[in-house]
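Notes to accompany the following structure.
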Amino acid sequence: MTKIFRALSLALAVAITIPATTSASWPVQSRTSYASQYYHSGHRALDIAATRGTGVVPLGSGTVVFAGWRNNCGGYQVWVRHSSGRYSAYYHLSGETTYSGEYVTGGSERIGYVGSTGCASGAHVHVEVWTGYPWRTGSYRVNPWNYVDSGYWLPTRYR
């Protein structure tokens, strides 16, 4: 019995210290939306085209650290801090429905609407995933597509 207890204790300790693989839900509430531009060296984000006014949900659960307008060509935007130490950012929204400090549930709780604010040329949401706080020294963007693997709204073509 003691060996079993020690093995379970060790397994629990390892599970607590090693973070689980992060997965994320499709951030646009439309199965007809599509990736209009993928992540590459000149565009470190995923652009998802959809009808203006379509709901946007966070990739995963977390705390909103910014919601509002920025003059960085992103227009209305929302930034979410996730428990994994990553951040997700959503740009060009027609408006946000959340506020800084609010805890939001990934994949289901609306944080804004698809728009074309800032320097956007058409209705879409520009999605970034950051390691570290967005735009701070030492922070960097990673490919959001590596995290999108599920969600009710994930279009059939990406399943």
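Key figures for this structure:
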| item | result |
| --- | --- |
| Selection count, region 43-89, where residues are among the hydroxyl-bearing types (Ser, Thr, Tyr), touching a Pro at 6+ places or on another chain (Cβ under 7 Å) and not in a loop (DSSP other than H, G, I, E, B) | 2 |
| Residue list for region 135-159, restricted to those being touching a strand residue (DSSP E or B) at 6+ places or on another chain (Cβ under 6 Å) and either without any contact (Cβ under 8 Å) to a residue 60 or more places away in the chain or surrounded by fewer than 17 Cβ atoms within 10 Å (Cβ to Cβ) (or both) | Ser139, Tyr140, Val142, Trp145, Ser150 |
| Cβ pairs under 6 Å, 6+ apart, first in region 73-92 and over 12 Å from Thr131 (Cβ atoms) and at pLDDT 95 or above, second among the charged types (D, E, K, R) and outside any loop (DSSP other than H, G, I, E, B) | Tyr76/Glu96; Gln77/Arg70; Val78/Glu96; Ala89/Glu128 |
| Count of residues meeting criterion [under 18 Å from Gln29 (Cβ atoms) and β-branched (Val, Ile, Thr)] in region 95-145 | 8 |
| Qualifying residue in region 111-123 (condition: touching an Asp or Glu at 6+ places or on another chain (Cβ under 6 Å) and either aliphatic (A, V, I, L, M) or under 15 Å from Gly151 (Cβ atoms) (or both)) | no |
| Tally, over region 64-97, of residues that are in contact with a Leu (Cβ under 6 Å, 6 or more places away or on another chain) and basic (Lys, Arg) | 0 |
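The values are calculated or read from the model by the stated rules, or taken from the named source; none is laboratory data. Because the structure is a prediction, the values reported are computed rather than measured. Cβ sites come from the backbone with ideal geometry, for glycine too, and all protein chains shown count toward neighbours.
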